[in-house]
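Here it is, the structure, as structure tokens.
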Amino acid sequence: MLTVKTWIVQVLFLLLTSESIGELVNPCGYITPESPVVQLGSNFTAVCVLKEKCMKSYHVNASYIFWKTNHVTVPSEQYTVINSTASSVTFTNISLSNTQLTCNIRTFGQIDQNVYGIRIVSGLPPEKPKNLSCIVNEGEKMRCQWDPGRETFLDTNFTLKSEWATEKFDDCKTKRGTPTTCTLSYFPVYFVYLEVWVEAENALGNVTSDHINFDPVDKVKPNPPQNLSVSNSEELSTILKLTWLNSNILDFLILKYSIEYRTKDASAWSQIPPEDTASTRSSFTVQDLKPYTEYVFRIRCMKADGKGFWSDWSEEASGVTYEARPSKAPSFWYKIDKSHSHGTRSVQLIWKALPLAEANGRILDYEVTLTRWKSRLQNYTVNDTKLKVNLTSDRYIASLTARNTVGRSDTSVLTIPAYDFQATHPVTDLKAFPKDNVLWVEWTAPGKPVIKYIVEWCVLSDRAPCIPDWQQEDGAVRSTYLKGDLEESKCYLLTVTPVYADGPGSPASVKAYLKQAPPSRGPTVRTKKVGKNEAVLEWDQLPVDVQNGFIRNYTIFYRTIIGNETAVNVDSSHTEYTLSSLTSDTLYMVRMAAFTDEGGKDGPEFTFTTPKFAQGEIEAIVVPVCLAFLLITLLGVLFCFNKRDLIKKHIWPNVPDPSKSHIAQWSPHTPPRHNFNPKEQMYPDGNFTDVSVVEIEPNDKKPFPEDLKSLDLFKKEKISTEGHSSGIGGSSCMSSSRPSISSSDENESAQNTASTVQYSTVVHSGYRHQVPSVQVFSRSESTQPLLDSEERPEDLQLVDNVDGSDSVLPRQQYFKQNCNQLETSPDMSQFERSKQVSSVSEEDFVRLQQQQISDPIPQSCGSGQMKMFPEVSSADAFTGPVTEGQVENFEAVGIEAMVDEGMPKSYLPQTVRRGGYIPQ
Amino acid sequence: MLTCLCAVLWHLPAVPALNRTGDLGPGPSIQKTYDLTRYLEHQLRSLAGTYLNYLGPPFNEPDFNPPRLGAETLPRATVDLDVWRSLDDRLRLAQNYEAYSHLLCYVRGLDRQAATAELRRGLGHFCTSLQGLLGSIAGVMAALGYPLPQPLPGTEPTWAPGPAHSDFLQKMDDFWLLKELQTWLWRSAKDFNRLKKKMQPSAAAITLRLKAPGF
């Protein structure tokens, strides 16, 4: 925009400053050349000449001139000041095609003024036109074309020139849009040589092509033959006659023809041999065609000498050859209904409609003839391609012919054997394979001469029954392809039956696929058995509908969650596989793929977990352990039994039998030399220096009822006095914490009581362990009435002492608890039980103090407890240090009770059995 | 003007002849000339039909066969068979050449009179073809080494529509021109066919002679 304004200002300035106002434009100078056309790559010089008046007005000379190209100042190195009025500029190697060049002056005050401007056009001279060729479409003027060569960047005119030796014809100027072709203005004269050439011309030069000299008739492209028509012949069903109209050019030219034809459905054309149509004609008979077939024809022509151009193809014309009698006998086969009743069988005769190529016309009907041995013929005329007849069990001969308007085909003969006929001689080596998108079947012929083969096939599917299609092959055929519409990925069952003169042979079958595909789905795998380190997988064969091909193998993929997948290939005949080397107690994921020749398909994933132990492993561990335990126990028992004397000697010290003592030496008044404490120290020594006197009343039976009573009382009052029994038992059987208690108790009581009391304690303990029957106890107790009055204070005292002692109280509670709650609440926690007991204990002890209780009471309770000790002991093992000692005691008591049960020899019982204590 | 043009045409053979085939001998050019006569026959057939229709009845009627009146200057193609047979090649070619020279001149006169553009175009093309035939005959004569016939003084075609000619007579002249053209083309076809046949054995002889040194 600014440039335009500047330009306008400059022009106005020039106008105003021009000397002659009358002239519209009177420039200050001019450039020569005025409108140059420069060849690309060449040098160009322009000169700007200033006018004298102008120079004076502006006080400038040629040195003030500067040049601009397309508004860009040209470097001053390219300027040459010729004289005071003229300056030139030189450009080398011009490459721009269109340049605006201006001559300017810089006047006083640094004002630039445009003096003159020109436009430099650059380009190239035309190249020599090449490949000049001409064509004469019949009835039209001649048209020539050529290759113009390189781009010139300039307006280039092409002129087509033509002449005879005697005459020049009008030039043909190309039109702007089509510089490479031109149509002459006159009709060409045939048979007279014409010389033609092209001249190309632009501002930078002109050039002429090579001259070509030709007879225009040799450039003729005739019009195609017209009105092509086709007619057939009733006499010959294999010919068709073509007729057409030639163009007028035929008057002075000889033509040749090209005729092509095809059947209506085909796409490829066949050509009539060119030598048959090498001269002018207007009709032609095509031979060796198929009868009753529609053919399509087309024709074109050109000069017979081959000079010139082929015409376009004529319009297509079609015709149908005449009918002929069927050329082949129809394929013929039969099916027998299996059921055979009342001496007849239902036979369906089937045949194939002849293909059009063999029917040679429209089939009107089929004629079937059935012949039975020594029987009249049965004739049938059928329009369909099947016929159902009822035949007897005899052998029949069936024959079939097809009929069209011209005649009838050869006869197909088929032997339907008798009912009891046994088919033999099947074909061997039957194979089927796909090739070239069809399914081929081949076989080895049986040894017997074969009339024909019947090939049947059907799709094997679980969803639909096998509906066979069939075809017939000649007896000499050893391989054929199935001529039906076969589908891919379908399993076909092919059956080939040879047909002999006396009837059909045994069929042979084979399965095949036209094209296999990967299975539609994979097999579903599952575990049959899972072991610690192995798993037996099983699966079902894929249904034939999803196989899509022959299953060649299976691949089992299995993996743990974190592990890599392992693949195992399994033969397709298997339906079971054992995975070994699995890790126990692990989740496995397994899936399975079935592979055909074309690929595989995965089935769903199945997960299973291997067990921690193998089957029977637990039993294998537990049973031996139990057996070992049992054995050890048994051995222990046996040992104890065998060594009972020794054990007894250690556990039950040999208490001297008072009955065998000498009365003379026994003094009841002799005070004990030392305290009866502790017993353990006393027993091992086996010295019984202190002898107590036990006074036993002869009344043995009395205590027993009292025992029972006391037992009841015990239960009722919930008072445990087994402190004695326990203490006694503990001290007698095992050395534990108990003896210390009892010893301390006894230690105190020993000073206040007579030695009889101590003795009775010993007796009581030993008695209880040796003879755990109530009767024995009662009898043992029965020795006590004498001591009753003496013993009671000890008991009371014991309780009193215990009252302030923490260690004794829980023990009592425990016993009480066991006695009471054995049935009621075995699950109650020890804590609750202790609380219960503690709440009860005080009043119980108070009662105890008031109660006159005999020893049998706690013992009876204790005997009941003994049976349950082993069970309770573990549960109560955590009750604390106090009860711990008790537990040990109880266990010991239990075992000893068991071991000593029924032991005949014991110290006190002996005494008792003998009728109690015998005072001496 | 037309006279001048005809005079120029008469002297046309002075310029180089057409269809010269150089080393191949006169055979191909004779064949070309023969084909050209056939081509001109073909052209004339369609042209005559159009032109006679243009002339109108009775000239376009199939059985119109008027006596030859007027057009005496037209060269006659009809000749006695014996005379024709007695002609040698040079004379025969010369007669053809002379005849077509005159006929061409008259046809150009038709061109001027023709009313419709299509007819003018057809006549123009025919004239060009006829000119080509003339050149072609000249070429054959040159190939055979015969000199072109020189026009005798006073025999230049002076055919021109004069005021004495009525319109009908004018049309009659045109009719006879077309008719004479056709006859001449037939005759020329015969002439060149004869010449062609005559030339072929010599070509064969040349072939034989060329092969002879081989023995």
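The values are calculated or read from the model by the stated rules, or taken from the named source; none is laboratory data. Note that the structure is predicted; figures quoted are calculated from it, not measured. For neighbour counting, all protein chains shown are included, and Cβ atoms are generated from backbone atoms with ideal geometry for every residue, glycine included. When the accessible area is computed, the model is the full protein with side chains, heavy atoms only, and any ligands, DNA or RNA have been set aside. Shrake-Rupley method; radii C 1.70, N 1.55, O 1.52, S 1.80 Å.
If I model region A:131-202 as equal point scatterers sitting on the Cα atoms and use the Debye formula, what is log10 I(q)/I(0) at q = 0.13, 0.23, 0.25, 0.26 Å⁻¹?
With one equal scatterer per Cα and no solvent, log10 I(q)/I(0) is -0.37, -1.05, -1.20, -1.28.
Related question: Can you work out the FRET efficiency for the pair B:Ser46 and A:Lys264, with r the C-beta to C-beta distance and R0 = 25 Å, to the nearest 0.05?
Computed FRET efficiency for B:Ser46 and A:Lys264 comes out at 0.05.
Can you give the extra length, in nm with one decimal, that the chain gains between A:Lys175 and A:Glu488 once fully stretched, where that is 0.36 nm per residue apart less the Cα-Cα distance?
106.5 nm
At what distance in nm do the modelled label points of A:Lys435 and B:Leu144 sit from each other, each positioned 7 Å from its Cα along Cα→Cβ?
7.3
Okay, moving on. Once you have a ≥ b ≥ c as the square roots of the Cα gyration tensor eigenvalues for region A:284-351, tell me rounded if a/c is under 1.5, and otherwise prolate or oblate according to whether a/b is larger than b/c.
Prolate, because a/c is 1.5 or more and a/b exceeds b/c.
Write out the trypsin sites (Lys or Arg not before Pro) in region A:82-188 meeting two conditions: DSSP loop, and at most 16 other Cβ atoms within 10 Å of their Cβ.
Filter output for region A:82-188: A:Lys141, A:Arg150, A:Lys175, A:Arg176.
Using a 1.4 angstrom probe and counting only protein chains, how large is the accessible area of B:Met199 in Å², to 10?
Looks like 40 Å² after rounding.
Heavy-atom accessible area of A:Trp351 with all protein chains present, probe 1.4 Å, nearest 10 Å²?
For A:Trp351, the solvent-accessible surface is approximately 10 Å².
Another question about this same structure. So what is Rg over Rh here for region A:164-227, counting just Cα atoms and using Kirkwood for Rh?
In region A:164-227, Rg relative to Rh is 1.04.
If you add up the charges near A:Pro498, with Lys and Arg at +1 and Asp and Glu at -1, over every other residue whose beta carbon is less than 14 angstrom from its beta carbon, what do you get?
Charge balance near A:Pro498 sits at -3.
State to the nearest 20 debye the size of the charge dipole of region A:118-272 about its Cα centre, where the only charges are +1 on K and R beta carbons and -1 on D and E beta carbons.
For region A:118-272, the charge dipole is close to 420 debye.
Only residues of region A:541-570 count here: report those whose backbone N is under 16 Å from the spot 7 Å along Cα→Cβ of A:Ala464, or say none.
Under cut-off, by backbone N: A:544-548.
Report the convex hull volume per residue for region A:363-508, counting only C-alpha atoms, in Å³.
Given the Cα convex hull of region A:363-508, per-residue volume reads 158 Å³.
Then there is this: Multiply the residue separation of A:Gln348 and A:Asn569 by 0.36 nm, subtract the distance between their alpha-carbon atoms, and state the gained length in nm to one decimal.
Going from the current span to full extension adds 74.7 nm.
Amide H neighbours of A:Leu154 under 5 Å, at least 5 residues apart or on other chains, H built in the peptide plane: list them.
Those lying under 5 Å, H to H, from A:Leu154 are A:Leu124.
I'd like the FRET efficiency for A:Trp313 and A:Thr208, computed as 1/(1 + (r/R0)^6) with the beta carbon distance as r and R0 of 51 Å, rounded to 0.05.
That gives a FRET efficiency of 0.85.
With the radius of gyration and the Kirkwood radius both derived from the Cα set of region A:312-423, what is their ratio Rg to Rh?
We get a ratio of 1.17 for region A:312-423.
Would you mind estimating how fast region A:182-303 diffuses translationally, via Stokes-Einstein at 20 °C and 1.002 mPa s with the Kirkwood radius over Cα pairs, in µm²/s?
In µm²/s, the coefficient rounds to 121.
Can you sort A:Val406, A:Val347 by solvent-accessible area, 1.4 Å probe, largest first?
Most to least solvent-accessible, the answer reads A:Val406, A:Val347.
Something else about it: What distance in nm separates the simple spin-label points at B:Asn53 and A:Thr80, each placed 7 Å from Cα in the Cβ direction?
Rounded to a tenth, the inter-label distance reads 7.4 nm.
Take the cross-link list A:Lys241/A:Lys264; A:Lys168/A:Lys307; A:Lys128/A:Lys221; A:Lys452/A:Lys483; A:Lys307/B:Lys179 and give me the ones stretching past 22 Å between alpha-carbons.
Check vs 22 Å cut-off fails for A:Lys168/A:Lys307; A:Lys128/A:Lys221; A:Lys307/B:Lys179.
Between A:Val546 and A:Ala476, what FRET efficiency comes out of the Förster formula 1/(1 + (r/R0)^6) with R0 = 30 Å and r the beta carbon distance, rounded to 0.05?
Working from the Cβ atoms, E equals 0.15.
Sorted by packing (mean other beta-carbon atoms within 10 Å per residue), highest first, where do B:174-182, A:358-366, A:246-254 land?
Packing proxy ranking, top to bottom: B:174-182, A:358-366, A:246-254.
Run through every distinct alpha carbon pair of region A:460-580 and return the Kirkwood hydrodynamic radius in angstroms, one decimal place.
For region A:460-580, inverting the mean 1/r across all distinct Cα pairs yields 17.9 Å.
Show me the trypsin sites (Lys or Arg not before Pro) within region A:534-593 that DSSP assigns to loop and that have at most 13 other Cβ atoms within 10 Å of their Cβ.
Within region A:534-593, no trypsin sites (Lys or Arg not before Pro) qualify (loop, at most 13 other Cβ atoms within 10 Å).
Hey, can you rank A:183-195, A:213-225 by average C-beta count inside 10 Å, highest first?
A:183-195, A:213-225
Moving to a separate point now. What is the dipole size for region A:44-124, taken about its Cα centre, with +1 at each Lys and Arg Cβ and -1 at each Asp and Glu Cβ, in debye to the nearest 20?
That gives region A:44-124 a dipole magnitude of about 200 debye.
Right, here's the next one. State, to one decimal in nm, how far the label point of A:Ala614 lies from the label point of A:Ser63, with both points 7 Å from Cα in the Cβ direction.
Taking the simple label geometry, A:Ala614 and A:Ser63 are separated by 12.0 nm.
Across peptide B:124-137, how many C-beta atoms of other chains are within 10 Å of each residue C-beta, on average?
4
Still on this structure: Tell me the Kirkwood radius of region A:381-451: reciprocal of the mean inverse pair distance over distinct alpha-carbon atoms, in Å.
16.2
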